[in-house]
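K.L.:
Right, I'll just put the structure down here and ask away after.
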Amino acid sequence: MKGHSWNDRHMLRTALSLFKTLFITVGVFVGLIVFFHLSGALYTSWLGERATTLFNTGLESEFTTLRNASQAVSHDAADDLLSNKTDSVLKLLKEKQTEYSTINFGVADASGVLIGSTKSASNLGSNVFLGFAVGRAVAARKSPQSVEVGINPSAMVVVTGLPIIKNDELGGALFSSYTVNDAYATHIRDAYLPPGSQVVFYTKEFGVSASSFTDPSIKSLVASYFNSGSDWIQKGTTEQTIYFKNNEYYFVKNIVFPGLEQSPGGVLIFLPRQDPTSGFKFVIILLTLGTFLVLALFAHRATKSDERTWRYYILLMAAIIPVAVASFVFISFQNQTFLRLKPVPYNLYNSTLRFQPESGIYSLGFDQTFQVVVDTGDESINAAQFGIRYDPSAIKIVSIDVSSSTCSYVIENTIDKVHGEARMSCVLLNISDEGRHSLPLADIVTESVRAGTFSLSFDPAETKVLADDGLGTNVLRMSQDSSYKVDTFDSALQNIHGTSTPGRTFVLFSPSHPNQSRWYSSNAIRFVWRGKAGSVYLYNFDEQSTSDLLGKYSTTSNELVLQAPGDGVFYFHLGLSTGGRAATYKIQVDQTPPTITSFIASNTTVKVGDVVRFSFDASDAGSGIQKNYYIDLGGHLFLPVGTELMVPFLTPGDQTVTLRVYDNAGNYSEKSMVIHVAAL
């Protein structure tokens with residue numbers, strides 16, 4: 001019998017027929033993939049636009065509710081406020097607290113001093129016309145609405161402001177706000193977004209601040225990955241698909257809030273990705289296999305007389321294998337393009353200590369309360385202690401109040417009023433490692449002795465946060481000192497149309513650099529003050545802590561934006577041309593990124609399952625290096641680590657590891673290396 005070889009005319013004809021079948025099938029497969037990606041892009045674009053529209057519509061509805069409430073309250077409070085009937089105003093606020101249980105109202109007098117608040121008394125006495133963006137807008141006789149960082153810098157507020165004006169005089173202001181916490185995030189989700197959605201609010205400095213997720217493990221993952229060092233928070237990364245271990249897929253839309261003067265942060269909207277493209281990939285596989293099957297049957301019918309038993313089946317398998325492999329790769333690749341959030345393979349030691357608030361302008365007639373807060377990373381802690389230094393000639397620490405503290409047992413609580421020192425240490429029980437926690441340790445109740453600037457500083461030798469790891473590891477990454485301004489206020493000093501008292505210190509503030517103890521990366525510095533209209537002000541901006549104001553520069557404005565000439569410590573001096581004492585404001589600028597001096601791996605060529613030990617070191621001549629570094633193991637998210645890290649590599653292939661180092665002004669440097677992982 002003839003024609004039984006691979007090279008005879010019959011087998012070549014059969015092979016050509018199967019090749020045409022494979023060629024057409026591949027064309028159909030590629031066309032379907034292109035259609036798949038186009039439909040996926042259109043769908044996700046629609047998802048993002050819809051989420052933005054729904055959220056913005058909902059936010060505008062929230063602003064409308066706040067404005068209407070403010071109008072209702074101001075209708076009753078305006079006359080008393082303009083007549084300086086403070087007691088009547090405070091009584092009215094107390095009555096309105098019951099009627100508007102979820103809204104916080106704040107009332108400022110004509111000088112901008114906050115004299116009443118329905119939710120918290122800790123910020124009473126602060127001058128909102130100088131210290132807050134919304135207050136500065138109200139002082140300019142505007143009615144602003146915005147999402148801003150609140151008194152607690154790790155959280156935001158949805159806030160509106162309303163000036164109280166009579167006979168063309170600014171007699172005060174009314175502020176209404178919602179606190180953005182977990183309950184508020186849940187409210188936004190349920191009221192305005194599609195079923196199954198989740199909402200996560202974040203601030204630029206602290207990362208996740210409020211979340212509608214209820215699963216503790218999911219909240220922990222979200223807080224870990226969307227941290228303050230991630231590109232999502234710092235660069236506004238948006239419109240990516242993520243999924244968790246239980247295969248819950250979400251398309252994430254990042255909406256960055258502009259703020260009145262600068263962005264306070266934003267909101268991540270997690271939209272369930274239950275869309276046609278999720279099932280369409282299987283349709284692609286079925287259509288591809290169906291196309292191949294139909295064409296193969298057609299080819300079989302046309303060349304049936306030419307087929308030679310087992311040789312034909314070998315050719316058929318040779319054609320089927322590429323189709324099957326391409327289909328399998330396509331399904332696998334689709335999931336690999338999404339970002340999976342999974343627990344990090346190491347402990348996150350990332351606690352910080354801070355004062356809340358860390359800066360402000362206050363009236364001399366009010367006692368002030370500053371809270372000491374520890375912000376944990378994902379670590380479980382069981383003890384904390386702090387030492388505070390202060391100038392006893394400027395303020396008195398009246399008490400360290402632990403009535404609202406998270407501490408379970410207080411070990412030490414002492415105040416040395418002579419030397420200006422205070423100490424407190426305590427044990428914390430049942431503080432889990434499920435996500436970030438902002439834990440109040442104590443309220444520092446102070447009484448101002450005189451007008452001027454004072455600071456509360458952490459004593460490094462006495463300040464620690466200890467992990468619940470059996471070793472008492474100090475997991476404190478950094479502690480931030482505070483700076484406050486205290487003065488006497490009157491409507492004339494704050495009102496641009498009024499007069500200022502000659503010979504007294506001006507109440508000077510920098511909205512861009514509010515904490516004189518902190519380093520900032522921006523060299524564009526904004527100063528604001530209030531005084532007599534048409535006055536001539538003399539100022540200097542130099543590196544001298546004192547100035548004789550020789551009149552180097554002058555202005556008739558009540559606001560200046562200056563550029564620092566470089567890195568370093570600078571001082572702004574301001575005074576009237578008619579004489580009197582000058583006001584001085586300290587500025588610390590560091591724009592130079594830190595230097596990574598060491599980035600070492602124990603081995604750069606390993607096998608699957610091997611553990612690589614990394615060590616890091618860096619330096620910074622200006623503000624100094626933050627204690628924790630950040631590492632990206634290929635997931636495009638930077639996670640905090642210490643100076644050493646042990647990582648198992650479980651996937652073969654080249655994996656890029658990127659180190660990011662921050663200084664205390666927020667500048668960072670990056671360095672990468674490739675780890676070659678060989679299969680077993």
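Bear in mind that the values in this text are calculations on the coordinates, not laboratory data. Because the structure is a prediction, the values reported are computed rather than measured. So basically every Cβ, Gly included, is an ideal-geometry build from the backbone, and we count neighbours across all protein chains shown.
K.L.:
Can you tell me the length gained on complete extension of the stretch residue 445 to residue 542, counting 0.36 nm per residue apart and subtracting the Cα distance? List each step's numbers first, then the result.
P.N.:
Working: separation 97, 0.36 × 97 = 34.92 nm, distance 3.49 nm.
Contour length minus the Cα-Cα distance gives 31.4 nm.
K.L.:
Report, by chain and number, residues whose modeled amide H sits under 5 Å from the one on residue 420, excluding near sequence neighbours (fewer than 5 apart, same chain).
P.N.:
none
K.L.:
Can you figure out the FRET efficiency of residue 49 with residue 244, using R₀ = 30 Å and their beta-carbon distance, to the nearest 0.05?
P.N.:
Rounded to the nearest 0.05, the efficiency is 0.75.
K.L.:
Of all DSSP beta bridges located in the range 348-493, what percent are antiparallel, nearest 5?
P.N.:
Bridges in the range 348-493 that DSSP calls antiparallel: roughly 85 percent.
K.L.:
Amide H to amide H, which residues 5 or more places from residue 210 or on other chains are under 5 Å from it, using H placed in the peptide plane?
P.N.:
Result for residue 210 returns 201.
K.L.:
Based on Cα positions only, what radius of gyration and what Dmax would you give for the range 348-493, in angstroms?
P.N.:
Reported Rg and Dmax, both Å: 16.0, 60.
K.L.:
Tell me the relative contact order for the chain as a rounded percent, counting alpha carbon contacts under 8 Å between residues six or more apart.
P.N.:
10 percent
K.L.:
With a length cut of 30 Å (Cα positions projected on each helix's long axis) and a Kyte-Doolittle mean of at least 1.0, go through the chain and give me the DSSP H helices that pass. Could the numbers behind the result be given before it?
P.N.:
Numbers: long enough: 9-82 (106 Å, 0.48); 276-303 (39 Å, 1.40); 309-336 (41 Å, 1.19).
Within the chain the helices that satisfy the rule are 276-303, 309-336.
K.L.:
Here's another thing I want to ask about it. Would you mind counting up the charge near residue 56? Only other residues with Cβ under 13 Å from its Cβ, with Lys and Arg at +1 and Asp and Glu at -1. Don't skip to the answer; put the middle values down first.
P.N.:
Values: positive: 50, 253; negative: 49, 60, 62.
Once all neighbours under 13 Å are counted, the net charge is -1.
K.L.:
Next up: Add +1 for every Lys or Arg and -1 for every Asp or Glu among the other residues with Cβ under 14 Å from the Cβ of residue 240, and state the total.
P.N.:
Numbers: positive: 235, 253, 273, 340; negative: 231, 239.
Residues close to residue 240 contribute a combined charge of +2.
K.L.:
If you don't mind, another one. Give the long-range amide H neighbours of residue 265: residues separated by 5 or more places, or on another chain, with amide H under 5 Å away, using H modelled in the peptide plane at 1.01 Å from N.
P.N.:
Here 204, 257 satisfy the definition.
K.L.:
Moving to a separate point now. Over 32 Å between C-alpha atoms is what I'm after, so list which of 91/219; 166/204; 219/671; 245/671; 342/464; 20/607 land there.
P.N.:
91/219; 166/204; 20/607
K.L.:
Please work out the C-alpha center-to-center distance from the range 122-186 to the range 354-414 and express it in whole Å.
P.N.:
If you average the Cα positions of each part, the centres end up 24 Å apart.
K.L.:
So for each of 412-422, 621-631, 227-237, 60-70 I average, over its residues, the number of other beta carbons within 10 Å; can you give me the resulting order with the highest mean first?
P.N.:
Values: 412-422: 14.1, 621-631: 20.6, 227-237: 18.9, 60-70: 16.7.
Packing proxy ranking, top to bottom: 621-631, 227-237, 60-70, 412-422.
K.L.:
Let me ask something else about it. Quick one: which of 77-88, 558-569 comes out on top by average Cβ neighbours within 10 Å, and what's the full order, highest first?
P.N.:
Packing proxy ranking, top to bottom: 77-88, 558-569.
K.L.:
Ordered by residue, what ³J(HN,Hα) values in Hz, to whole numbers, does the range 396-405 give under the Karplus form 6.51 cos²θ - 1.76 cosθ + 1.60, where θ = phi - 60° and Gly and Pro are x?
P.N.:
Once θ is set to phi - 60°, the couplings for the range 396-405 become 10, 8, 6, 6, 10, 8, 10, 5, 10, 7 Hz.
K.L.:
While we're looking at this one, here's another question. Could you please report the charge total around residue 252, scoring K, R as +1 and D, E as -1 over all other residues with beta-carbon less than 11 angstrom from its beta-carbon?
P.N.:
Net charge in that neighbourhood comes out at +1.
K.L.:
Would you mind getting the Kirkwood hydrodynamic radius of the range 593-678 from its Cα pairs, rounded to one decimal in Å? Intermediate results must be reported in sequence, preceding the final value.
P.N.:
Numbers: mean 1/r = 0.0757 Å⁻¹.
Roughly 13.2 Å, rounded to one decimal.
K.L.:
I need the calculated FRET efficiency for the pair residue 68 and residue 393, taking r as the beta carbon distance and R₀ as 45 Å, to the nearest 0.05.
P.N.:
0.40
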